[in-house]
């Protein structure tokens with residue numbers, strides 16, 4: 001693997017500004033962490049994408065016209081699960097050098113802070129993540145030296161294009177890609193107002209909170225309602241991991257962002273206060289029969305202290321908690337929900353006892369005590385009272401059982417401190433009933449007032465609306481896959497292999513793919529192939545001058561000789577690549 005530094009001649013666009021705008025093209029995990037505006041810029045890019053608007057024409061969504069937003073969201077969950085898989089292949093977008101990335105971002109954030117908060121640079125989380133060996137889980141343990149993977153976020157077009165990549169039958173994306181897709185699709189397809197969508201990023205995960213009913217959290221391909229969040233299943237426990245165990249790095253919405261490391265926030269302070277209240281309510285549940293059963297499902301080690309009681313043909317019957325939870329496996333029925341009686345009917349008579357089982361507390365007795373005493377599980381005195389009540393059965397585990405029950409029913413998220421300097425800009429105010437063209441026109445109109453809207457056009461890759469220099473910088477600095485793919489080929493062989501690829505871009509109109517997207521998906525318009533070849537040539541001979549001439553129907557790379565590709569993008573541009581930098585001529 002190799003990585004070249006490529007200088008771009010700067011005039012009106014300053015160096016730090018160019019770094020941010022080029023990052024809107026590549027959207028790596030580290031870039032989003034350092035430039036938090038990028039997260040929402042990708043949401044807006046996806047909202048502008050014709051791909052999402054085509055979802056509206058799917059029969060599955062047409063049938064839901066006039067139905068509730070909640071019902072449409074639930075249908076979209078299944079659609080996303082059918083159409084996309086969670087991609088955790090860290091090598092998809094190639095490798096880079098840890099020291100190079102730390103140096104690149106040093107003007108914005110210290111290496112120490114990066115190391116404390118980013119998995120690629122050694123972050124392992126708190127005790128929970130040490131226990132589950134999170135670096136091994138994500139495959140990060142294979143990167144122990146200076147080499148680390150690019151962990152890039154994909155646009156919806158790049159997610160769809162995984163179908164063209166060997167080994168994939170559907171689209172795909174990592175967690176940030178899926179969260180931005182969900183946020184955009186919730187607006188475009190389900191009609192959720194942007195005001196009700198909040199993005200929540202932690203060092204190891206990305207989720208959204210949607211303010212509908214009691215709240216919904218997106219988790220990779222799934223949507224998690226509050227009852228699902230507290231149901232105690234393995235899937236729900238996994239969904240809780242990031243918010244339960246990590247510092248939330250960034251919260252973003254249509255008004256701006258707040259970052260745990262930065263003293264300045266651009267999010268509307270009132271909006272952030274509303275979010276913290278909504279999330280707090282979502283993460284808190286009452287102690288009910290159902291939630292106590294959910295707790296025992298999640299914390300199976302305490303099941304041995306409890307039993308369940310039922311009446312059958314006028315007689316009381318008792319069953320061990322672990323036996324009843326065993327019947328849940330493979331069953332559609334659950335303890336204490338509306339299907340409880342059907343679950344009890346599945347229990348074999350041999351697992352019932354007509355006598356109360358010794359040394360076990362009836363869950364019904366426990367809840368009767370809770371109701372009679374008015375126990376508030378979140379009150380320390382009441383927790384002590386409850387622990388005394390179960391102590392004859394749980395013995396030395398009583399105190400810990402009650403503490404774990406309290407923790408299960410309330411998660412206190414570690415959100416960015418609200419004590420910031422708030423420098424808000426004009427919020428993004430688009431309506432779900434606007435047509436796509438109106439959305440794009442509006443975002444265009446606020447680019448000079450809202451940097452997130454401006455960056456969105458770079459994430460969207462519309463080269464008729466963007467300065468070319470960020471795209472060029474990204475193409476030749478952060479596309480190692482295309483370099484490695486053709487490392488053993490001569491220039492003429494590279495040219496021939498690029499020319500025989502389909503002349504189809506994964507992006508419509510005047511939007512362009514990066515070289516690594518061409519290399520990964522084996523398709524590209526002639527302009528995109530020209531940049532791929534130019535990236536390879538510049539890597540091999542960084543001192544050699546080169547010209548990329550883009551015409552309406554073709555693109556030509558002029559180096560030792562001319563290499564021409566057919567194009568249907570209709571773009572026109574001339575780019576001079578010189579030893580001391582690049583110049584762009586319209």
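Where a number appears in this text, it was derived from the coordinates with a stated rule and is not lab data. Small disclaimer: the values here were computed from a predicted structure and weren't measured. When we count neighbours, we look across all protein chains shown, and the Cβ atoms used for this are built from the backbone with ideal geometry, even at glycine.
Segment residue 346..residue 164, full-extension length gain: 60.8 nm, with 0.36 nm per residue of separation and the alpha-carbon distance subtracted.
Sort out for me the Cα centre separation of segment 516-558 from segment 262-329, rounded to whole Å. Cα centroid to Cα centroid, the span is 56 Å. In summary, segment 317-452 shows an alpha-carbon radius of gyration equal to 1.84 times the 2.2 N^0.38 Å reference for compact globular proteins. Using C-alpha pairs below 8 Å separated by at least 6 residues, the relative contact order for segment 289-409 is 26 percent. Which translational diffusion coefficient, to the nearest whole µm²/s, is obtained for segment 240-290 from the Stokes-Einstein equation, given a Kirkwood hydrodynamic radius over C-alpha pairs, 4 °C and 1.567 mPa s? It diffuses with D of about 103 µm²/s by this estimate. Per-residue Cβ neighbour counts within 10 Å put 583, 49 in the sequence 583, 49, beginning with the fewest.
For 154, 572, the sequence from fewest to most other C-beta atoms within 10 Å is 572, 154. Each Cα pair under 8 Å and six or more residues apart adds its separation to the average, and for segment 468-585 the resulting relative contact order is 22 percent. Fraction of C-alpha pairs exceeding 18 angstrom in segment 468-585: 43 percent, rounded to a whole number.
Computed on the chain, with alpha-carbon pairs under 8 angstrom and 6+ residues apart, the relative contact order is 17 percent. The packing ranking, built from the mean of other Cβ atoms within 10 Å per residue, places the peptides 381-394, 199-212 in the order 199-212, 381-394, highest first. Across all C-alpha atoms in the chain, the radius of gyration and Dmax reach 27.5, 94 Å.
Would you kindly calculate the mean projected area, averaged across all directions, of the convex hull enclosing the Cα atoms of segment 364-428, in square nanometres? Across all orientations, segment 364-428 yields a mean hull projection of 7.7 nm². For segment 132-285, the square roots a ≥ b ≥ c of the C-alpha gyration tensor eigenvalues yield an a/c under 1.5, which makes the shape rounded.
Projected over every direction and averaged, the convex hull enclosing the alpha-carbon atoms of segment 396-512 yields 16.4 nm².
The ranking of 297, 244 by Cβ neighbour count inside 10 Å, starting from the fewest, reads 244, 297.
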